[in-house]
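Here the structure is laid out as structure tokens; the discussion comes afterwards.
The values are calculated or read from the model by the stated rules, or taken from the named source; none is laboratory data. For clarity, every value in this text was computed on a predicted model and none was experimentally measured. Neighbour counts run over all protein chains shown; Cβ positions are idealised from the backbone, glycine included. Calculation scope for accessible area: heavy atoms of the full protein, side chains included, ligands and nucleic acids excluded. Shrake-Rupley method; radii C 1.70, N 1.55, O 1.52, S 1.80 Å.
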Amino acid sequence: MLILLAFIIVFHITSAALLFISTIDNAWWVGDNFSTDVWRVCSTNTSTCMAITDQFREYQSIQAVQATMILSTIFCCVGFLVFILQLFRLKQGERFVLTSIIQLLSCLCVMIAASIYTDRHEELHKSHEYSIEVSEGQYGYSFVLAWIAFAFTLISGVMYLVLRKRK
């Protein structure tokens, strides 16, 4: 039982780490001389970064991605705290339903963020407000980590739903 508990805790912490990295790191869309995320655009040639503000035409889409990624990370962290509390509060044989619901909400938020970015990436990167040309690029590792975090949070949400407290 302790091995299973350790695996669940490590899996949950890994999910949270993936969410933190994909939310913070500047690699959602990358090219030869730039990298961009949902917060800023950086030129690798001049080592300068420019914040994405409301002057951009697709700023509402970027704000939706920002908000749902932050919510996803918060839900994942809160889910971990609730799991630890439920370890001590649940009676034997009960399921970790509250933890599962919170983790599935985290899964839903990261799915929404990555889906919006996937759908709107052409409009996001063809904006004339950028100081450098960012339309010629590809998805970066932060974007991929967001989708991996989606899978991890989905699996852990289902795992908590199935898991029963034992002695």
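Observations on the model:
- Residues in region 33-58 that are open to solvent by 40 Å² or more (accessible area, probe 1.4 Å) and either in contact with a Ser or Thr (Cβ under 8 Å, 6 or more places away or on another chain) or under 15 Å from Val144 (Cβ atoms) (or both): 5 in all.
- Leading residue by the ranking (nearest to Tyr139 (Cα to Cα)) among those in region 1-32 that are touching a Cys at 6+ places or on another chain (Cβ under 6 Å) and open to solvent by 10 Å² or more (accessible area, probe 1.4 Å): Asn26
- Filtered residues of region 52-67 (kept if without any contact (Cβ under 8 Å) to a residue 24 or more places away in the chain, part of a loop (DSSP other than H, G, I, E, B) and within 25 Å of Phe20 (Cβ to Cβ)): Ile52, Thr53
- Set side by side, the residues Leu108, Leu85 differ, and just one is in a helix (DSSP H, G or I), over 18 Å from Leu145 (Cα atoms) and either out of contact with any helix residue (DSSP H, G or I) (no Cβ under 8 Å at 6 or more places or on another chain) or of a type outside the set (Val, Ile, Thr) (or both), which is Leu85.
- Close pairs (6 angstrom Cβ cut-off, 6 or more residues apart or separate chains): closer than 22 Å to Thr23 by Cα in region 117-129, at pLDDT 85 or above and small (Gly, Ala, Ser) anywhere: Arg120/Ser61
- Taking the criterion of being within 15 Å of Ser115 (Cβ to Cβ) and surrounded by 24 or more Cβ atoms within 10 Å (Cβ to Cβ), the residues of region 141-162 that qualify are Ala146, Ala149, Phe150, Thr153.
- The single condition from (1) crowded, with 16+ Cβ neighbours inside 10 Å; (2) more than 30 Å from Asn45 (Cβ to Cβ) that Tyr117 fails is (2).
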